[in-house]
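What follows is a single structure, and I will ask about it in a moment.
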Amino acid sequence: MRIKPVLIASTALALALPALAQQAVQPATQAQPQPATPPLTQPSTGTPATSQPGASGAADEGAIQEITSQSQGEPKPAVEYPGWARRDPWTVGALNPTDAGLNDAPWGAASGAFLSTLLRRMDTPIASRWAHIALRDGLLAKTRAPQRVNPVDWVAERAWLLLRMGEADAARMLVAGVDADRFTPKMVQVGVQSALATADPPALCPLEDGIRKYEPSVRALVQAMCSSLAGEPETASAMIDDARRHGRIGGIDLTLAEKVVGAGTDTGRAVTIEWDPVDRLTAWRFGLATATGIAVPARLLQGASPQLRAFQARAPLLSPQQRLDSALIAGGLGVFSSQSLVDLYSAVYDSTDPDDLPGTDAWQLRQAFAGKDQAARVAAIKRLLGTGKDPLQKEAMRAVVARAASLIAPSKDLQDDAPELISAMLAAGYDRAAARWVPVVRSMNDANADRCWAMLALAATDVSRAEISSGRITSFIGRDQSKDKVRSALLVAGLAGLNRISTDTANSLNRRYGLGLGRVTSWTRIIDAAAGRGQAGTVLILMGTGFQTASFDRLPPAHLYHAIAGLERTSQDFSARMIAAEALSRT
């Protein structure tokens with residue numbers, strides 16, 4: 001498998017992001033890290049605090065120790081962590097592993113250095129919304145770090161990938177799970193990026209010492225903002241004035257920092273933000289503007305990456321209407337759930353003047369749930385599904401109407417609408433509601449029946465009702481009009497990966513129709529071996545590396561087969577079924 005190069009500086013998020021320090025592999029003490037690629041400001045080397053495997057940092061607070069001049073050592077920082085408040089750096093996460101579909105040892109004996117490299121080099125976004133969700137939950141799980149990796153750097157790598165996936169809040173949760181005095185250079189840089197992605201300038205303040213070492217270009221501005229937020233307006237104003245005279249950063253970057261300073265108490269500073277000279281967004285510009293409630297101009301957002309749009313979608317200081325377009329992109333990626341999107345539309349509905357409601361999407365969503373009859377509800381769902389302008393927005397609108405679609409009674413009279421209704425339900429994971437259409441599909445015409453049957457054959461929990469047979473699959477392939485029969489290849493790959501057809505049947509269909517499922521690469525061998533050893537977390541990471549493409553049309557069918565098989569073998573069957581069905585829904 002060809003591993004795509006990491007795009008740390010700008011391409012991954014269309015932001016000017018600093019490089020991460022290279023991964024330290026020894027678990028006890030760290031070598032002095034070197035930068036992976038040229039950052040905004042070259043990180044200086046340093047020796048971070050040593051972490052021992054399994055050490056929680058707990059201290060015996062009842063012990064008595066004689067203090068001498070020799071034992072005092074260096075002065076301690078003003079704020080100390082009491083022993084009982086220490087967190088174990090080897091076990092950081094926000095989700096119960098069971099809730100994320102993982103076992104107690106998701107990495108097994110896999111090398112942490114190898115897994116960290118896969119995380120760092122993964123290109124995003126990935127092809128599948130459900131694969132995104134499964135990978136995010138796996139990265140958020142509170143599991144023990146793998147062997148041969150510094151535990152804090154392992155958290156940093158997880159958080160950095162989450163940021164590149166558009167998961168700002170998830171990344172922030174991981175960063176917040178590590179004691180600040182244990183931050184490595186890599187973690188400092190990721191901490192800065194998570195603070196900017198979540199539009200949270202106060203989160204930069206605990207990182208001032210690290211910023212002084214590894215991000216000196218913004219040190220003075222960070223100090224000024226933190227002084228203002230700490231109630232020291234005179235100091236903050238003096239620092240901003242000094243930065244304007246002698247600093248290396250000017251223009252809107254300085255003005256936005258001054259805007260944050262002005263938000264403090266008794267600063268007496270007011271500035272106007274001029275966006276006209278600005279031709280691109282950076283993490284700094286987005287984070288500070290959003291933190292002060294300033295809406296970024298549409299022309300800059302339109303050229304921004306989908307991940308940055310996902311950052312904006314969760315910005316609390318922006319109105320629901322300002323966040324709506326970005327929220328649809330976030331929903332298409334998998335960052336926003338179906339319920340989150342419905343909640344946002346509800347907020348838009350509540351904030352809209354009643355005279356202006358008719359004809360809006362918020363009104364249509366209400367009609368999809370509460371229309372006078374089923375025909376009115378279906379009509380509203382169809383109008384909403386027709387508003388998707390690109391693949392991400394289209395998939396998001398499916399998730400928006402998913403719950404409403406699950407309330408529609410299956411009927412042959414709706415056979416022209418059934419494929420989209422089923423696609424919508426599966427976009428939100430309503431697999432049991434979608435399965436109610438199985439009896440109706442048998443009486444549909446071929447085109448609609450084929451599309452509905454293929455999704456249900458992959459998503460249904462009760463395989464016996466789906467009528468999966470070689471004859472039915474052959475009929476589907478014979479009528480498949482997709483380019484190079486990509487839908488047929490994805491169908492057979494999904495069925496084989498889920499063990500819903502035998503290996504002999506899959507091989508026979510593959511040879512007969514040239515579906516490309518037999519391709520063997522280093523990636524297929526590694527993910528098969530990881531699945532065989534029960535390494536559920538390793539399988540998730542490898543799945544992400546195999547899905548580094550813009551759409552399912554460009555995803556090698558062999559990658560889908562081995563990813564689905566790996567998930568199935570490691571007891572992640574729900575994710576496996578949803579990803580397989582999504583492949584047929586989105587092609």
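Can you tell me how many residues within region 348-370 are of a type outside the set (A, V, I, L, M, F, W, C), part of a helix (DSSP H, G or I) and without any contact (Cβ under 8 Å) to a residue 24 or more places away in the chain?
Matching residues across region 348-370 total 8.
Take region 96-119 and flag every residue that is within 28 Å of Ala580 (Cβ to Cβ) and in contact with an Asp or Glu (Cβ under 6 Å, 6 or more places away or on another chain).
Ala100, Leu119
Before we move on, is Ala370 open to solvent by 30 Å² or more (accessible area, probe 1.4 Å), of a type in the set (A, V, I, L, M, F, W, C) and farther than 25 Å from Val441 by Cβ? Talk me through it step by step, then tell me what you get.
Values: open to solvent by 30 Å² or more (accessible area, probe 1.4 Å): yes; of a type in the set (A, V, I, L, M, F, W, C): yes; farther than 25 Å from Val441 by Cβ: yes.
Answer is yes for this residue.
Let me ask you something else. Considering (1) within 28 Å of Trp107 (Cβ to Cβ); (2) free of Cβ contacts under 8 Å to residues at least 40 places away in the same chain, say which one Ala565 fails and leave the rest.
(2)
Looking at (1) more than 23 Å from Arg86 (Cβ to Cβ); (2) open to solvent by 10 Å² or more (accessible area, probe 1.4 Å); (3) touching a residue at least 40 places away in the same chain (Cβ under 8 Å), which is the only condition Leu163 fails?
It fails just one condition, (2).
Right, here's the next one. I'd like the full set of residues that are closer than 12 Å to Leu560 by Cβ and open to solvent by less than 20 Å² (accessible area, probe 1.4 Å), limited to region 478-500.
Listed by number, the residues that qualify are Ala489, Leu490, Leu491, Val492, Ala493, Gly494, Leu495, Ala496, Gly497, Leu498.
Has region 400-418 got at least one residue that is under 25 Å from Lys485 (Cβ atoms), open to solvent by less than 10 Å² (accessible area, probe 1.4 Å) and under 22 Å from the mean Cα position of the chain (by Cα)?
No, every residue in region 400-418 fails to be under 25 Å from Lys485 (Cβ atoms), open to solvent by less than 10 Å² (accessible area, probe 1.4 Å) and under 22 Å from the mean Cα position of the chain (by Cα).
In this structure, does Ala270 turn out to be without any contact (Cβ under 8 Å) to a residue 24 or more places away in the chain and in a loop (DSSP other than H, G, I, E, B)?
In short, yes.
Give the residues of region 167-186 that are hydrophobic (A, V, I, L, M, F, W, C) and touching a residue at least 60 places away in the same chain (Cβ under 8 Å), sorted by residue number.
Ala168, Ala170, Met173, Leu174, Val178, Phe183
While we're on this one: Give the number of residues within region 294-308 that are more than 18 Å from Glu274 (Cβ to Cβ), open to solvent by 30 Å² or more (accessible area, probe 1.4 Å) and in a loop (DSSP other than H, G, I, E, B).
1
Looking only at region 172-188, which residues are in contact with a helix residue (DSSP H, G or I) (Cβ under 6 Å, 6 or more places away or on another chain), outside any loop (DSSP other than H, G, I, E, B) and farther than 17 Å from Met122 by Cβ?
The answer is Arg172, Val175, Ala180, Arg182, Pro185, Met187, Val188.
When residues of region 189-215 are filtered for being in contact (Cβ under 8 Å) with a residue 40 or more places away in the chain and either open to solvent by less than 30 Å² (accessible area, probe 1.4 Å) or within 18 Å of Ala257 (Cβ to Cβ) (or both), how many remain?
Total meeting the criteria: 13.
For Leu102, all conditions in the list (1) modelled with pLDDT of 95 or more; (2) touching a Leu at 6+ places or on another chain (Cβ under 9 Å) hold save one; what is the number of the exception?
Here Leu102 clears every test but (1).
Starting from region 107-128, take each residue that is over 16 Å from Val152 (Cα atoms) and list its partners that are assigned to a loop (DSSP other than H, G, I, E, B) and basic (Lys, Arg), counting only C-beta distances under 8 angstrom and pairs at least six apart or across chains.
Note: pairs meeting the criteria are Gly108/Arg533; Ala109/Arg533; Arg121/Lys4; Met122/Lys4; Asp123/Lys4.
Mind checking whether some residue in region 436-451 is buried (at least 18 other Cβ atoms within 10 Å of the Cβ), without any contact (Cβ under 8 Å) to a residue 24 or more places away in the chain, not in a loop (DSSP other than H, G, I, E, B) and not hydrophobic (A, V, I, L, M, F, W, C)?
No, region 436-451 contains no residue that is buried (at least 18 other Cβ atoms within 10 Å of the Cβ), without any contact (Cβ under 8 Å) to a residue 24 or more places away in the chain, not in a loop (DSSP other than H, G, I, E, B) and not hydrophobic (A, V, I, L, M, F, W, C).
Every residue in region 313-329 that is open to solvent by less than 10 Å² (accessible area, probe 1.4 Å) and assigned to a helix (DSSP H, G or I), please.
Ala313, Ser326, Ala327
For Ile422, work out the one condition from (1) touching a Phe, Trp or Tyr at 6+ places or on another chain (Cβ under 8 Å); (2) open to solvent by 30 Å² or more (accessible area, probe 1.4 Å); (3) closer than 26 Å to Asp480 by Cα; (4) assigned to a helix (DSSP H, G or I) it doesn't fulfil.
Of the numbered conditions (1) touching a Phe, Trp or Tyr at 6+ places or on another chain (Cβ under 8 Å); (2) open to solvent by 30 Å² or more (accessible area, probe 1.4 Å); (3) closer than 26 Å to Asp480 by Cα; (4) assigned to a helix (DSSP H, G or I), the odd one out for Ile422 is (2).
If Gln535 satisfies every condition in (1) touching an Asp or Glu at 6+ places or on another chain (Cβ under 9 Å); (2) surrounded by 24 or more Cβ atoms within 10 Å (Cβ to Cβ) but one, which is the exception?
Result: Gln535 passes all but (1).
Next question, about the same structure. Out of the residues in region 197-242 meeting the condition of being of a type outside the set (Ser, Thr, Tyr) and in a loop (DSSP other than H, G, I, E, B), tell me which one is farthest from Ala168 (Cα to Cα).
Among them, the one singled out is Glu232.
Next question. Only residues that are among the β-branched types (Val, Ile, Thr) and either open to solvent by less than 10 Å² (accessible area, probe 1.4 Å) or not in a helix (DSSP H, G or I) (or both): list them for region 330-347, please.
Val335 - this is the single residue of region 330-347 that is among the β-branched types (Val, Ile, Thr) and either open to solvent by less than 10 Å² (accessible area, probe 1.4 Å) or not in a helix (DSSP H, G or I) (or both).
Looking at region 90-132, which of the residues that are open to solvent by less than 30 Å² (accessible area, probe 1.4 Å) and of a type in the set (Val, Ile, Thr) is farthest from the chain's Cα centre (by Cα)?
Residue satisfying both the conditions and the ranking: Val92.
While we're looking at this one, here's another question. Of the residues that sit in region 276-293 and are assigned to a loop (DSSP other than H, G, I, E, B) and open to solvent by 30 Å² or more (accessible area, probe 1.4 Å), which one is nearest to Gln223 (Cα to Cα)?
Thr292
Give me the helices (runs of 4 or more DSSP H) completely within region 490-587, filtered to those with at least 2 residues that are closer than 23 Å to Thr124 by Cα and more than 20 Å from the chain's Cα centre (by Cα), ordered by residue number. Reasoning before the result, please.
Details: elements: 503-513, 522-532, 536-546, 557-569, 573-585.
Ranges flagged: 522-532, 557-569, 573-585.
Could you list, in sequence order, the residues of region 501-515 that are within 12 Å of Pro557 (Cα to Cα) and open to solvent by 40 Å² or more (accessible area, probe 1.4 Å)?
Correct list: Gly514 only.
Then there is this: When Arg245 is evaluated against the numbered criteria (1) assigned to a helix (DSSP H, G or I); (2) touching a helix residue (DSSP H, G or I) at 6+ places or on another chain (Cβ under 9 Å); (3) surrounded by fewer than 16 Cβ atoms within 10 Å (Cβ to Cβ), which criterion, by number, is the only one it fails?
(2)
Here is a check on your reading of the model: is Ala396 outside any loop (DSSP other than H, G, I, E, B), of a type in the set (Gly, Ala, Ser), modelled with pLDDT of 95 or more and farther than 11 Å from Gly332 by Cβ?
no
The values are calculated or read from the model by the stated rules, or taken from the named source; none is laboratory data. Because the structure is a prediction, the values reported are computed rather than measured. Counting neighbours? That spans all protein chains shown, and the Cβs are built from the backbone with ideal geometry, glycine included. Only protein heavy atoms, including side chains, enter the accessible area calculation; ligands, DNA and RNA are left aside. Shrake-Rupley method; radii C 1.70, N 1.55, O 1.52, S 1.80 Å.
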